[in-house]
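Read the structure below first, then the notes.
The values are calculated or read from the model by the stated rules, or taken from the named source; none is laboratory data. What you are looking at is a predicted structure, and each value in this text was computed from that prediction instead of being measured. Cβ: placed from backbone, ideal geometry, glycine included. Neighbour counts: every protein chain shown. The accessibility values were calculated without ligands, DNA or RNA, using every heavy atom of the protein model including side chains. Shrake-Rupley method; radii C 1.70, N 1.55, O 1.52, S 1.80 Å.
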Amino acid sequence: MIAENKSSDIFPVEIVKKIAKKLQNYESPDALARIYKWSLPELPNELRDGFSEILQKSSNSEILSSYGKTIKLRALLEEYLNTCNAENKKSTYEWIVKNWGGIKTGKDENLTASIAGAIKTHHDNDGKFEFSRIASWSKALAFQYPERRAIYDVRVIYSLNWLLFKEGHSGKFFPASEGRNSLINFFSYEQELYKRVLGSERIKLVFKEELNKRMNSEKSMKSSMINSLGKEVYIDQGYAYQNYCNILIEIANQVFGQNDKFGVTKVEMILFSIADGDIVGEVLGAH
């Protein structure tokens with residue numbers, strides 16, 4: 001079992017194996033090159049020459065696609081972030097989040113603090129990460145520590161939760177990050193997760209109780225029903241990232257083998273890429 005730091009045994013091995021088997025359909029470089037389309041922005045000056053040199057030494061088949069170039073870039077940045085000085089590290093983190101990742105909002109000092117906190121938690125190895133700004137700081141961790149960390153992206157979570165659900169998982173699922181948007185909401189299967197974990201009768205009972213409260217109250221009420229039930233459906237936010245990395249490591253080991261340094265990165269890339277294609281197609285077909 002893959003254990004949550006706070007509780008235990010939340011992802012059965014057989015379900016993880018089934019997910020890994022499905023993702024094997026996308027494991028080849030050609031398949032990844034076909035589905036992964038994230039464009040690279042212009043690199044900072046201090047990285048440009050090094051990246052050009054890497055590309056010149058690579059074969060055409062390795063760097064013709066966005067996938068191939070991204071793997072080369074992430075290899076370069078892993079080495080760079082673990083050797084450069086503090087000032088260059090800070091500016092590179094900002095480039096990863098804002099330029100490469102496209103997250104333009106938020107103050108630089110808040111971003112720096114959230115990344116520093118996440119890196120400290122990574123080194124402390126206690127598994128409890130601050131969930132706030134996870135879409136931002138997880139990008140920095142994924143680039144610096146690719147063997148153990150991945151980007152916690154709304155599209156990846158959308159794909160992963162669906163695959164867990166489809167393969168019969170009835171335990172807790174992953175909470176969405178702040179980046180959840182109206183498009184993902186429109187194609188949501190969230191109600192099915194609640195029904196799987198809690199049961200329809202339980203949901204009906206809670207809904208009835210909530211309606212009675214509102215009818216008997218003279219004040220306007222904000223519903224606490226969803227938040228309350230959500231604590232039973234989703235992994236505690238503080239432990240979501242560690243469990244997310246745990247399951248991606250397990251899947252990567254089965255799909256790409258334990259010696260692939262970027263196996264976790266590739267699983268993340270697959271889940272990201274299939275969210276708006278194969279996964280949403282399955283979700284629509286299931287309703």
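Taking the charge dipole of the chain about its Cα centre, with +1 at Lys and Arg Cβ atoms and -1 at Asp and Glu Cβ atoms, the residue from Trp137, Ser28, Trp95 reaching farthest to the positive side is Trp137. Build a GNM of the chain with springs between Cα atoms under 10 Å apart, and of Glu232, Glu46, Glu78 the one that fluctuates most is Glu46.
Evaluating 6.51 cos²θ - 1.76 cosθ + 1.60 at θ = phi - 60° for every residue in the stretch 254-264, the Karplus couplings come out as 7, 8, 10, x, 6, 9, 7, 4, 10, x, 5 Hz, glycine and proline recorded as x. Database remark: amide H of Phe11 closer than 5 angstrom to the amide H of Ile2 (H placed geometrically; neighbours at sequence offset of 5 or more, or on other chains; Pro and chain starts carry no H). Converting phi to 3J(HN,Hα) with the Karplus coefficients 6.51, -1.76 and 1.60 and the offset θ = phi - 60°, the stretch 269-286 yields 5, 5, 4, 4, 6, 8, 4, 8, x, 4, 5, 5, x, 5, 4, 5, x, 7 Hz in sequence order, with x at every glycine or proline.
Here the Karplus relation 6.51 cos²θ - 1.76 cosθ + 1.60, evaluated at θ = phi - 60°, turns the backbone of the stretch 18-30 into coupling constants of 5, 5, 4, 4, 5, 6, 4, 5, 10, 6, 6, x, 5 Hz, with x for every Gly and Pro. Rolled with a 1.4 Å probe across the full set of protein chains, the surface gives Arg48 an accessible area near 90 Å². Springs between alpha-carbon atoms under 10 Å, Gaussian network over the chain: tell me which of Pro146, Pro44, Pro175 tops the mean-square fluctuations. Per the Cα network of the chain with a 10 Å cutoff, Pro44 tops the list.
Largest mean-square fluctuation among Asn185, Asn212, Asn99, in a Gaussian network model of the chain whose springs join Cα atoms under 10 Å apart, belongs to Asn212. Ordered from largest to smallest accessible area (heavy atoms of protein chains, 1.4 Å probe), the residues Lys69, Lys231 come out as Lys231, Lys69. Other residues with beta-carbon under 11 Å from the beta-carbon of His169 carry, at +1 per Lys or Arg and -1 per Asp or Glu, a net charge of +2.
Could you work out what % of the accessible surface of the chain is carbon and sulfur, using a 1.4 angstrom probe and leaving DNA, RNA and ligands out of the count? List each step's numbers first, then the result.
On the way: 7200 of 14790 Å².
The nonpolar share, carbon plus sulfur, comes to 49 percent.
Helix-only estimate, please: 222 nm mean residue ellipticity of the chain, summing -39500 (n - 2.57) across DSSP H runs of length 4 or more and dividing by its residues, to the nearest 500. Dividing the helical sum by the residues of the chain leaves -19000 deg cm²/dmol.
Please work out the average accessible area per residue across the chain, using the 1.4 Å probe convention, and give it in Å². All intermediate terms of the calculation are to be shown ahead of the outcome.
Working: 14790 Å² over 287 residues.
On a per-residue basis, the chain sits at 52 Å².
Within the assembled protein chains, the solvent-accessible surface assigned to Thr121 is about 20 Å², based on a 1.4 Å probe. Once volume of the Cα convex hull per residue in Å³ is calculated for the structure shown, the corresponding label among (1) 148; (2) 186; (3) 130 turns out to be (1).
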